[in-house]
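Below is one structure, written out as structure tokens, with a few remarks after it.
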Amino acid sequence: TRRRRVLNWTRITLNADLLNRPHYFKMAQFNASYSYDWQHSRYVNNSLTLVKLTYTKLIHTTHDFDSIMNANDAIAQSFKNQYIPQMAYTWTYDRNYHSRRTLNVQLSVQEAGNIFWGIYRAFGHKGEKELFGTPFSQFVKGQAQVVYGQRLSRHNIWLVSRVLVGAAHAYGNSSEVPYSEQFYIGGANSIRAFTVRSIGPGTFHPNADNRYGYIDETGDVKLEANIEYRFPILGDLYGATFLDAGNVWLMKKDEARPGGELTMRNFAKSVALGTGVGLRYDLTFLVIRLDLGIALHAPYDTGKSGYYNIPKFKDGLGLHFAIGYPF
């Protein structure tokens, strides 16, 4: 009998990141993880992170940044120094159907702090619990993504679509999901008519004179849908037209971010929509991409009525240079 070959390997990682927003804040993040990956079939990959410990610390803030934290407790809680002890699992199905269709499905779930919280509770410890003298975060987070591609002709013309949904919920030892684990939207691999963190949550939008407003534009829930028509132009140069939609929302009402919560009443209005065109140059080992996004609907009040509510056409343009396909 033919034995099925199973591939598996172990990963141990150590990382240090520095997020520096000039004139805003500087945040350091350190993490170590131990993971086990295995491929039990030709199309299915599994990744189980048995332990991942992350430490986030604000090492510098400005006066204006501190004033925002003082005015919005929810944002302040997400930025506080904390440990994030996690476990995670990702299941991936990736298949190419004779170069005519492609399907990639990725499901991931992660939890933080539950084991430590359970140990503390077992020993009767109540109130906020700490790890090495610093509070640890407690939340659950899940995300699902489906990418489907269909070749429309033998001339390498493809129609590729993606649907992504994610949600995160803090509880127990935390009132807010850590800032580094919250969802955001916009940019080269998302809704390309808008820059990163420039929309959401919901219909909320910071005042025009608030240059620190992007800090608020994250959420607990994310929904995104994209469709892209890819076609050859000349040799290794390809073109694309696309349509992107989505946003992030809050699970609970936040007085400092009105309209940010997810409700059926404001759902349709709060979905951002953009289209655009792009160029891709295929170097075989990588793809160089240039996309021009064109906004069709902003989820917030722009001062202009109607579904197309972009005040000026040039205000709704977003140019992105990137490596690789967006999905």
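The values are calculated or read from the model by the stated rules, or taken from the named source; none is laboratory data. The structure presented is a predicted model; accordingly, all values stated were derived computationally and were not measured. Counting neighbours? That spans all protein chains shown, and the Cβs are built from the backbone with ideal geometry, glycine included. All accessible areas refer to the heavy atoms of the entire protein, side chains included, with ligands and DNA or RNA removed. Shrake-Rupley method; radii C 1.70, N 1.55, O 1.52, S 1.80 Å.
Can you grab the distance from the C-alpha centre of segment 99-135 to the C-alpha centre of segment 14-51, Å, no decimals?
If you average the Cα positions of each part, the centres end up 14 Å apart.
Identify all aspartates and glutamates with a Cα-Cα distance to Lys52 below 17 Å; exclude those on the same chain that are fewer than 8 residues away in sequence.
Answer for Lys52, where 17 Å is the Cα cut-off: Asp17, Asp37, Glu111, Glu130, Glu181, listed by chain and number.
Dipole size in debye (nearest 20) for the chain around its Cα centre, Lys and Arg Cβ +1, Asp and Glu Cβ -1?
For this selection, approximately 1460 debye.
To the nearest 0.05, how large is the calculated FRET efficiency for Tyr89 and Asp236 if R₀ is 35 Å and r is the Cβ-Cβ distance?
Here the calculated transfer efficiency is 0.35.
Ignoring any ligand, DNA or RNA, what whole percent of the accessible area of the chain comes from carbon and sulfur when the probe is 1.4 angstrom?
The computed percentage sits at 57.
For segment 22-111, what does the accessible surface come to per residue with a 1.4 Å probe? Please give it in Å².
Spelled out: the 1.4 Å probe surface of segment 22-111, per residue, equals 52 Å².
Among the trypsin sites (Lys or Arg not before Pro) within segment 63-117, which fall in a DSSP loop and have no more than 14 other Cβ atoms within 10 Å of their own Cβ?
Sparse-neighbourhood loop trypsin sites (Lys or Arg not before Pro): Arg100.
With every protein chain left in place and a probe of 1.4 Å, what is the accessible surface of Tyr281, to the nearest 10 Å²?
Rounded to the nearest 10, the figure is 100 Å².
Just how far, in whole angstrom, is segment 79-96 from segment 145-168 if you go by their alpha carbon centroids?
If we compute the Cα centre of each part, the gap is 23 Å.
If Glu224, Glu130, Glu261 are ordered by their accessible area, calculated over protein heavy atoms with a 1.4 Å probe, which sequence runs from highest to lowest?
Highest to lowest solvent-accessible surface, that is Glu130, Glu261, Glu224.
Which of the pairs Lys80/Lys126; Lys141/Lys253; Lys141/Lys252; Lys252/Lys304; Lys222/Lys269 have their Cα atoms more than 23 Å apart in this structure?
Going by Cα-Cα distance, Lys252/Lys304 fall outside the 23 Å limit.
Before anything else, pin down the relative contact order of the chain: Cα pairs under 8 Å, at least 6 apart, normalised by residue count, whole percent.
So the answer I get is 11 percent.
Can you tell me how much longer the chain between Asn45 and Lys57 gets when fully stretched, taken as 0.36 nm per residue apart minus their C-alpha distance, in nm with one decimal?
Full extension from Asn45 to Lys57 adds 1.0 nm.
Could you tell me the distance between the Cα centroids of segment 261-286 and segment 223-248, to the nearest Å?
Segment 261-286 and segment 223-248 have Cα centres spaced 9 Å from each other.
How would Val147, Val277 rank on accessible area, largest to smallest, probe 1.4 Å?
These residues rank, largest area first, as Val277, Val147.
Taking Cα atoms of the chain, Rg/Rh with Kirkwood Rh, to two decimals?
Taking Rg over the Kirkwood Rh, I get 0.99.
If you count only protein heavy atoms and use a 1.4 Å probe, how large is the accessible surface of Ile233, to the nearest 10 Å²?
90 Å²
So how far apart, in nm, are the two label points at Lys314 and Leu103 if each is 7 Å from Cα heading toward Cβ?
Distance between the two pseudo-spin positions: 4.8 nm.
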